[in-house]
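Working notes for the structure below.
The values are calculated or read from the model by the stated rules, or taken from the named source; none is laboratory data. Quantities reported herein were computed from a predicted structural model and do not represent experimental measurements. Areas reflect the complete protein model, heavy atoms only, side chains present, ligands, DNA and RNA absent. Shrake-Rupley method; radii C 1.70, N 1.55, O 1.52, S 1.80 Å.
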Amino acid sequence: MTTNSKIWVSDLNGRPEIRTAFPRTKIHFYDTTLRDGEQTVGVVLSPQQKLEIARKLDELGVTRIEAGFPRVSVDDAEAIQLMQKANLKAELWGFSRAVKGDVEELVRLGLRASVIEAPTSDIKLKAYGMTREDVLRRVVDAMSIAKQNKITTAFFAVDGTRTDLDFLKKIYLAALEAGAAEIVVVDTIGACGPEAVEYLVREVCRWVGTSTPVHYHGHNDFGMATACAIAAVRAGATWIQGTINGMGERAGNADICEIALALRCLYDVPVALDLTKVREVSEVVSDAAEYTLDAWKPLVGENLFTRESGAVATQFHIPEAIEPYSAELVNARRRIVLGKKSGPDSIDLKCKELGLTMTPEQRAPILAEVKKRSIAKRGLLTDEEFKEIVRKSA
């Protein structure tokens, strides 16, 4: 296992052929919770909620916050103005199509940086009734207008992973020549596996050169968004785009916090996020968006450091025996709960936690009653219910 006192992953992750494949430079995160995340079905965030989330993202250490898509939403424009007055350390970025009016709205709001998107795959172009020549012209025009107004831009090739590679190269290089400063590799519908993402990102890095930052923006349609983002970093991406809790359309976006945790713990790659703040930010976002996270969700799930099983409770005093990283790393609390699967050590630990005493003779009857009640209610016992059992056993 790793010698880090808070990380207990397999030594196999440190094999030279694995470790040397990753950069030692810090990976930064571009958060799009307030724009792409809000596209989660049924989610509407008010300008004040967006401001609150932006402040939490800033505390988390997110380097860039995509503040919204102002041309298509008056609320987004209002939220951007609130964020501009909030003295955030993070850079505020806008979102724009390769359309003159969109860029002019960025100028009106005084945004100094923005993603500019355009469809690039033939299937997307067909859906929009556009040709390759049409979209190429629009991208060049939009980038030129942004450059004239001193707006830093990253070109976002929608459905880039399903785009003909020769055309993708052509439009990326045209965008850079017209004024784009950065490039985003976009897997719009999560259509690539990690190997394909690694190949494409490496190719794009080769096309644009080492002086041009490359982002990766992925979706989770096959449950592989984190793995794909890791592959993108291995291939040379220095920016990862995604959302808090992985929220977004369909199966959601890549979860930037899961990615940061994996990079930090599995590959020892430095990340520009404070992992001790993740669970707090996760809760703020899920409360604002009014959805409930799975209790077993990586990093932020309620069950991660909660133990019911008696066999696991026996090992509770040695966290590295039952957990891959310390609860302290993410500012979580370890705890024992009682239910059908509890064992004698579970009872001992809960008594110690609650300051209760019992005799050795009471232990088995108390455990039997815990199991009986848990089965009857089809759930866990509360601390008050356990206290009652202990009292009655005296």
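Sequentially through the range 304-309, phi angles give Karplus couplings (6.51, -1.76, 1.60; θ = phi - 60°) of 4, 10, 10, 10, 9, 4 Hz, Gly and Pro residues having no value and appearing as x. Residues whose amide H lies under 5 Å from that of Glu117, counting only those 5 or more places away or on a different chain, are Ser96, Arg97, Ala98, Phe156; hydrogens are built 1.01 Å from N in the peptide plane.
Measuring with a 1.4 Å probe in the full set of protein chains, what accessible area per residue, in whole Å², belongs to the chain?
So the chain comes to 46 Å² accessible per residue, rounded to a whole number.
Globularity index of the range 199-251 is 1.18 (Cα radius of gyration / 2.2 N^0.38 Å, N = number of residues). Could you work out the relative contact order of the chain, using alpha carbon pairs under 8 angstrom and six or more residues apart, expressed as a whole percent? Relative contact order for the chain comes out at 16 percent. Within the same chain, lysines fewer than 8 places from Lys100 are excluded, and of the rest, those with a Cα less than 18 Å from its Cα are Lys147, Lys150. Classified by the C-alpha gyration tensor, the range 219-327 has an oblate form. Its axis ratio a/c, with a ≥ b ≥ c, is 1.5 or above, and a/b does not exceed b/c.
Among the protein heavy atoms of the chain, carbon and sulfur supply 51% of the accessible surface, probe 1.4 Å, non-protein parts ignored.
One entry in [x] 23; [y] 13; [z] 10 is percent of Cα pairs over 42 Å apart calculated from the shown coordinates; its label is [x].
How much of the DSSP beta bridge set in the chain is antiparallel, as a percent to the nearest 5? Display every interim value, and only then the final one.
Values: 3 of 39 bridges.
Here the antiparallel bridges make up roughly 10 percent for the chain.
The base-10 log of I(q)/I(0) for the range 127-166, evaluated at q = 0.20, 0.22, 0.32 Å⁻¹, reads -0.73, -0.84, -1.15 [Debye formula, identical scatterers on Cα atoms, solvent excluded].
For Gly68, nonlocal amide neighbours, meaning residues 5 or more places apart or on other chains whose placed amide H falls under 5 Å from its own, are Phe95. Per-residue ellipticity at 222 nm computed for the chain from its helices equals -13500 deg cm²/dmol, with DSSP H segments shorter than 4 residues left out and the rest contributing -39,500 (n - 2.57). Between Arg206, Arg112, Arg71, the residue with the greatest mean-square fluctuation in the GNM of the chain (Cα pairs under 10 Å linked by springs) is Arg206. Cross-link check: pairs Lys56/Lys85; Lys297/Lys350; Lys56/Lys387; Lys50/Lys126 evaluated at a Cα-Cα cut-off of 27 Å; pairs beyond the cut-off: Lys56/Lys387; Lys50/Lys126. Between the amide H of Tyr291 and any residue lying 5 or more places away or on another chain, no distance stays under 5 Å, with hydrogens modeled in the peptide plane. In degrees from 0 to 90, rounded to the nearest 10, what is the angle of the helix 165-178 Cα long axis to the longest principal axis of the chain? Between the helix axis and the principal axis of the chain, the angle is about 70 degrees. Starting from the Cα gyration tensor of the range 220-282, take the square roots of the eigenvalues, sort them a ≥ b ≥ c, and report rounded, prolate or oblate (rounded when a/c is under 1.5, otherwise prolate if a/b is larger than b/c, else oblate). Oblate is the answer for the range 220-282, as a/c is 1.5 or above yet b/c matches or exceeds a/b.
Taking θ as phi - 60° and the Karplus parameters 6.51, -1.76 and 1.60, the scalar couplings of the range 150-160 work out to 6, 9, 6, 10, 10, 7, 10, 8, 5, 6, x Hz in sequence order, x denoting glycine and proline.
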